[in-house]
Amino acid sequence: MICEAMEGEINIFSPDTIKRNYVVPATSPENMVRILLTVVAGVTTILAATKLFRWYRIKARILNKQKQCKDAIKQLQDDMDHNGIPKKEVERILGLKFSQLKEKLRKGELKAVTVLKAYQTRALETNKTLNFMVEPVKEAMEYAKQLDKELENGKDPRPLHGIPVSIKENYYLKGYDSTGGMSIFVDKPALKDGPMVSVLKELGCVPFVRTNIPQSMMTFECSNPLYGTTVNPHNHGRGPGGSSGGEGAILGAESSILGFGSDIGGSLRIPSHFCGVFCLKPTAGRLGYRTTEELVHGQTLVTPTIGPMGRDVDTIVTAMKDILCPRLFTEEPQIPPMAFNTQLYESKRQLRIGYYVSDGYVPPIPGVERGLLEAKVALERFGHTLVPFEVPDAAHMFSVLFSKAAFGDGGHNFLSQMAEDRVDPSISLLVKIYRLPNFLIRLLSHVVSFFSKEKPAGTIMRNMLGVDSVYDWWKLAHEITIYKEKFYNLWQEQNLDAIICPTMPYVAPPTGTVKYLLGGVTYTTLYNVINYPAGCVPVTKVTAIDQKNMANYPSNTQTQKFIKKYYSTDTAGLPVAVQCVALPYREEMALRVMKDLESGLRHHLTRSSR
């Protein structure tokens with residue numbers, strides 16, 4: 001009946017009915033535009049919401065990390081306020097040289113806990129103005145107590161029993177993040193101590209504080225969004241260098257007695273030079289490869305190395321003697337099991353030492369030039385022969401060999417790590433360049449090369465794009481090998497035992513200006529490219545006369561103009577250090593020159609003061 005009724009009145013399934021009631025009319029152009037705009041608005045809203053969510057997530061991650069570190073510092077401060085030691089005791093302990101402190105700790109004349117409290121107290125105090133401290137090591141006190149208990153129970157003291165040690169933030173320390181100042185690595189604590197930290201603890205050292213670094217560790221500024229900016233202990237308006245900037249600052253402020261940093265382009269030596277402390281950049285591989293998070297993995301042409309920093313040469317020598325032990329060679333099976341060569345270090349043979357005031361790229365400021373010449377005279381007093389040395393094409397070494405190796409991937413690793421991070425001003429220029437299309441970077445590099453008097457600047461920009469193929473990488477490796485041979489041949493022709501030279505052509509720069517002064521790193525990157533050990537010895541400080549003589553400094557290139565701008569005032573009293581260089585795996589020779597230089601300068605000052 002229903003069917004009959006439908007047949008009599010209307011069939012809803014008939015073609016005419018469907019067409020009349022259910023077919024959508026043709027869409028007008030106006031409707032198409034409206035739909036398109038709606039889709040675009042929706043996608044834009046989603047993208048904006050996603051970006052906002054990411055921004056809040058990054059901000060929350062950074063704020064949470066900052067709170068953790070500040071809370072840890074506050075907790076240590078509270079502990080020192082309630083359980084600290086008298087100020088006179090702090091000053092007495094801090095006044096001890098490394099050798100004296102080591103002896104008193106080993107004999108039990110000083111407790112490891114007491115010494116730790118003295119250095120914790122001083123570090124907390126100076127950190128308020130310098131901001132070198134990432135966070136204290138919360139296990140330090142328990143470990144110091146354990147060491148004291150070992151002595152009380154009649155156990156022989158460990159080689160570096162109770163010595164407090166500051167550690168650069170990128171060292172693997174169980175339970176702590178190694179971020180390199182990048183939020184992507186927050187909340188990813190190390191599952192165990194790295195080999196060097198493990199060895200230091202075995203030797204009886206007490207890691208007590210972790211120190212600041214620049215974001216990405218690809219600059220010698222010392223600033224990042226997580227931990228803030230570290231300043232120079234000799235002038236708070238200037239930087240401490242990087243990337244081991246926190247180590248330079250804490251040691252320069254005499255708030256640590258032994259520290260450890262790392263170096264791939266000068267990151268140990270630059271802070272030592274800027275802050276007036278000693279260091280040794282060993283041959284890459286002498287102290288191992290697996291101790292730190294270097295943020296870039298797989299690049300093997302110019303490799304990073306770890307090394308000690310201290311307030312005199314004896315500190316560095318003692319550390320190297322004890323570190324080069326069976327435990328290290330077990331922890332780091334890839335390194336040669338070479339103990340410290342005491343015979344080479346203690347030899348009294350007079351040496352033939354090359355020297356240069358300038359590497360031919362960026363000329364040194366007057367105070368740096370004077371410091372190098374004073375070092376030359378001090379070594380000649382020891383009977384050593386000093387002969388001029390000329391660096392082969394430092395500009396090519398830096399703009400091609402170092403730059404292409406260090407940025408061989410065209411910045412892909414760097415950008416991937418920075419993709420969701422707040423960019424610190426110290427590396428903002430690098431980030432902006434890398435975010436440009438490759439063709440535009442190439443175009444800009446040629447424009448820079450054409451108009452700039454500083455020709456290598458354009459070459460550096462092009463080489464930041466990395467290599468295009470495995471074949472190009474092999475060619476670069478071969479070029480570096482040829483350069484190494486050329487340098488060694490010059491060394492052999494002059495029958496050299498060592499070289500002394502400036503660490504940098506200028507002293508500590510004003511905070512935030514490093515991006516204008518990158519040309520100065522040819523002095524340090526050279527010895528990373530050829531992989532020679534190099535140590536730093538503070539030799540003098542900039543004087544008012546040095547500052548006045550900046551009027552005669554050249555202004556031919558943009559870098560020189562910036563140097564003249566930043567170093568014509570406010571530099572008096574800033575430290576100047578000299579590099580002491582030896583052949584690969586001859587760290588003991590570099591240290592011997594460092595010791596003779598330190599002794600010669602001290603002897604001269606003693607006689608001059610009479």
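The values are calculated or read from the model by the stated rules, or taken from the named source; none is laboratory data. Quick caveat: nothing in here was measured; it's all calculated off a predicted structure. FYI the Cβ positions are ideal-geometry reconstructions off the backbone, even for glycines, and counts take in every protein chain you see.
Observations
- Restricting segment 208-221 to residues that are under 8 Å from the mean Cα position of the chain (by Cα) and closer than 21 Å to residue 173 by Cα leaves a set whose member that is surrounded by the fewest Cβ atoms within 10 Å (Cβ to Cβ) is 214.
- Restricting 252, 237, 245, 285 to those that are buried (at least 23 other Cβ atoms within 10 Å of the Cβ), in contact (Cβ under 8 Å) with a residue 40 or more places away in the chain, farther than 23 Å from residue 62 by Cα and of a type in the set (Gly, Ala, Ser) reduces the list to 252.
- Enumeration of residues in segment 548-565 that are within 22 Å of residue 515 (Cα to Cα) and either free of Cβ contacts under 8 Å to residues at least 24 places away in the same chain or crowded, with 16+ Cβ neighbours inside 10 Å (or both): 550, 553, 555, 557, 559, 560, 561, 562, 563, 564, 565
- Unique residue being modelled with pLDDT of 95 or more, of a type in the set (Val, Ile, Thr), assigned by TED's automatic domain parsing to the domain that holds residue 238 and buried (at least 18 other Cβ atoms within 10 Å of the Cβ) when the list is 296, 313, 362: 313
- So residue 166, is it of a type in the set (Ser, Thr, Tyr), in contact with a strand residue (DSSP E or B) (Cβ under 6 Å, 6 or more places away or on another chain) and crowded, with 19+ Cβ neighbours inside 10 Å: yes
- Unique match (being surrounded by 18 or more Cβ atoms within 10 Å (Cβ to Cβ) and on the phi < 0 side of the Ramachandran plot) among 471, 516, 488, 506: 506
- Residue match in segment 274-289 (condition: modelled with pLDDT under 95 and within 18 Å of residue 590 (Cα to Cα)): yes
- Within segment 179-196, if we keep just the residues that are touching a Lys or Arg at 6+ places or on another chain (Cβ under 8 Å) and closer than 30 Å to residue 114 by Cα, the residue that is surrounded by the fewest Cβ atoms within 10 Å (Cβ to Cβ) turns out to be 191.
- Within segment 410-460, the set of residues being at pLDDT 90 or above, in contact with a Ser or Thr (Cβ under 9 Å, 6 or more places away or on another chain) and in a loop (DSSP other than H, G, I, E, B) comprises 421, 422, 424.
- Candidate set: segment 579-598, residues that are out of contact with any Phe, Trp or Tyr (no Cβ under 9 Å at 6 or more places or on another chain) and not hydroxyl-bearing (Ser, Thr, Tyr); chosen: the one farthest from residue 372 (Cα to Cα): 593
One line per residue, one yes/no per condition, for (1) over 25 Å from residue 585 (Cα atoms); (2) touching a residue at least 40 places away in the same chain (Cβ under 8 Å):
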{"residue": "337", "(1), (2)": "no, no"}
{"residue": "340", "(1), (2)": "no, yes"}
{"residue": "353", "(1), (2)": "no, yes"}
{"residue": "364", "(1), (2)": "yes, yes"}
{"residue": "407", "(1), (2)": "yes, yes"}
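- Filter result for residue 192 (in a helix (DSSP H, G or I) and either at pLDDT 95 or above or at positive phi (or both)): no
- Any hit, segment 157-165, residues being under 20 Å from the mean Cα position of the chain (by Cα) and in the same structural domain as residue 209 (by TED's automatic domain parsing): yes
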